[in-house]
Amino acid sequence: MSVGVKKMARQIALWISMLVFIVSFYMVGNYIYSYVENANALAEIQEVYEAPVQQQATTSATQLINEPIIRPQIAKLQQINKEIVGWISIDDTKLNNPILQADDNDFYLTHNYKGQQSRAGSIFMDYRNDVALEDQHTILYGHVMRDDRMFGALSNYADEAYAKEHQVIHVETMHGAYELHVFAAYETTTRFYYLDTTFEGKEYGEFLQDIKGRSRIDTGVTMTVADNMVTLSTCTLSEDNDERFVVHAKVIPVK
């Protein structure tokens, strides 16, 4: 190989290395930015949700004829996006998010509560569910974020001590407030279909027995077929896109 050809080969290799570095730098920067963007967006809406309710917000929540009153805190959020149907939080964690609901289970996988494209997406309720948590089985979805926001810390419920310390999940919907008492948690795959929202005959009882058998924890919470359930579902940090981590909780209305 001539000197000129060797020199050209080295230059090509250098340019390829530089290109790979630039692309990698851009991807890492974009990844980090998505976390910062998500944290900032959540901080904005948390401030709105936690602010005292003003008289005008209460007025805007006045019910229409034959329609239930929307709770003032949620009414404020619906001025930002009508598809905000509730709020979820767990004490001493970073989970402190609005709950969205669209006409499908795809949109809020990739959009934040403002309806903007977002890697972090949103916490959202299955489109088949009643927002009042009156279904036997209500499902909430969210991404597993490495900074523990969204459902990033959900897998901690695999530890029974953690589950007992964080047994109560707080949820406020448009029409009521609830405590969700965790009774089961486990890692599974999409091969186990846990996404039915309605059941017939003995199906619900059989489903409860199945998930209790899969659970890695026992928090002492009694769950029967007379109780409604909320499931929190997220992916795992594994490269296997079929893996899921699931937490099941009993619905207890508080006011």
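Miscellaneous remarks
- Cβ-Cβ under 6 Å pairs, at least 6 apart or on other chains, segment 37-56 side over 17 Å from Ile90 (Cβ atoms) and of a type outside the set (A, V, I, L, M, F, W, C), far side surrounded by 10 or more Cβ atoms within 10 Å (Cβ to Cβ) and at pLDDT below 95: Asn38/Ala120
- Across segment 211-226, the qualifying residues are those that are under 19 Å from Val251 (Cβ atoms) and in a helix (DSSP H, G or I), and the one among them that is farthest from the chain's Cα centre (by Cα) is Lys212.
- In segment 225-253, residue modelled with the highest pLDDT [restricted to those that are acidic (Asp, Glu) and closer than 15 Å to Tyr193 by Cα]: Glu243
- Residues of segment 153-175 classified as assigned to a loop (DSSP other than H, G, I, E, B) and either aliphatic (A, V, I, L, M) or modelled with pLDDT of 95 or more (or both), total: 5
- Flag for Thr190 being more than 26 Å from Ala75 (Cα to Cα), at pLDDT below 95 and among the hydroxyl-bearing types (Ser, Thr, Tyr): yes
- Just one of the listed residues (Thr222, Thr190) is polar (S, T, N, Q), exposed (fewer than 14 other Cβ atoms within 10 Å of the Cβ) and closer than 21 Å to Phe124 by Cα, and it is Thr190.
- Odd one out for Tyr108, checked against (1) outside any loop (DSSP other than H, G, I, E, B); (2) within 15 Å of Tyr49 (Cβ to Cβ): (2)
- Hits in segment 132-147 - residues which are surrounded by fewer than 18 Cβ atoms within 10 Å (Cβ to Cβ), under 15 Å from the mean Cα position of the chain (by Cα) and over 14 Å from Thr236 (Cβ atoms): Asp147
The values are calculated or read from the model by the stated rules, or taken from the named source; none is laboratory data. Please read all numbers here as calculations on a predicted model, not as lab measurements. Cβ: placed from backbone, ideal geometry, glycine included. Neighbour counts: every protein chain shown.
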